[in-house]
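Single-structure report; data block below.
The values are calculated or read from the model by the stated rules, or taken from the named source; none is laboratory data. On a predicted model such as this, the values are computed, not experimentally measured, just so you know. Note that each Cβ is placed from the backbone with ideal geometry, even for glycine, and that neighbours are counted across all protein chains shown. These area figures cover heavy atoms from the full protein model, side chains too; ligands, DNA and RNA do not enter into them. Shrake-Rupley method; radii C 1.70, N 1.55, O 1.52, S 1.80 Å.
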Amino acid sequence: MTAGDQNWDRQTRQETETQRLDRNWASLIQELRVVQTGVQFLIGALLILPFQAGFAILSQPMRLLYLATVAAAMGATVFLVAPVAWHRILFRRHRLGNVVAAAHRCAIAGIALLGLALTGATVLVTETVAGPVPGVVSGVVVAVLFAVAWVLAPWRWRKVGDRSDG
């Protein structure tokens, strides 16, 4: 956060640094609640696949894609749950600034890994149902959608500099 952002928070919201950190922490935790449920559901679905009869017919490249997808989903879980562990370990140690900054980075990494896991899951399902070409096409489409909706659009708005919502 820049000094200009902190001044804006002080002047517009009339909040102290501690109040700003509390607000940022509460906002981040609410966002993590939304994505954690989706990641947990995805992992549950992925983990039962090897125990299904049809899994045995997957080609070696599809098995590798499956393993990469599981790894991405597990990585997403680690990063999206990490802020809670950090907060618990550092509770009452007056490190909220550190926790909020680290949690922000963990959330970005977790969301990126979730995008990869969802893209991999889309390819797995589409290729199994419709074949390799539709599988690749669906993976590219989903990856582009994630890039636009999760990265490019917010990055573009970030550069505009509108501070109406803090």
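With a probe of 1.4 Å, find how much accessible area the chain has per residue, and write the answer as a whole number in Å².
Value for the chain: 65 Å² per residue.
Quick one: length gained pulling Val151 to Ala56 fully straight, 0.36 nm per residue minus the C-alpha distance?
Roughly 30.6 nm would be gained on extension.
Using r as the Cβ-Cβ distance of Arg13 and Val81, and R0 as 35 Å, what FRET efficiency do you calculate, to the nearest 0.05?
Between Arg13 and Val81 the formula returns 0.75.
Can you pull the percent of the chain's accessible area that's carbon plus sulfur, 1.4 Å probe, other chains left in place?
Taking all protein chains in place, the chain shows 67 percent carbon and sulfur surface.
If each DSSP helix of 4+ residues adds -39,500 (n - 2.57) and the sum is divided by the residues in the chain, what number results at 222 nm, nearest 500 deg cm²/dmol?
Helix contribution divided over all residues of the chain: -27500 deg cm²/dmol.
Could you tell me which label, among (1) 40, 17, 13; (2) 28, 21, 15; (3) 38, 20, 10, carries the value of semi-axes √(5λ) of the Cα gyration tensor in Å calculated for this structure?
Working out semi-axes √(5λ) of the Cα gyration tensor in Å from the coordinates points to (3).
Work out the length of the dipole vector of the chain about its Cα centre, built from +1 on the beta-carbon of each Lys and Arg and -1 on the beta-carbon of each Asp and Glu, and round it to the nearest 20 debye.
For the chain, the charge dipole is close to 420 debye.
For the chain, list the DSSP H helices whose alpha carbon atoms reach 20 Å or more along the long axis and whose average Kyte-Doolittle value is -1.0 or above?
Length and hydropathy pass: 17-48, 60-90, 96-130, 132-146.
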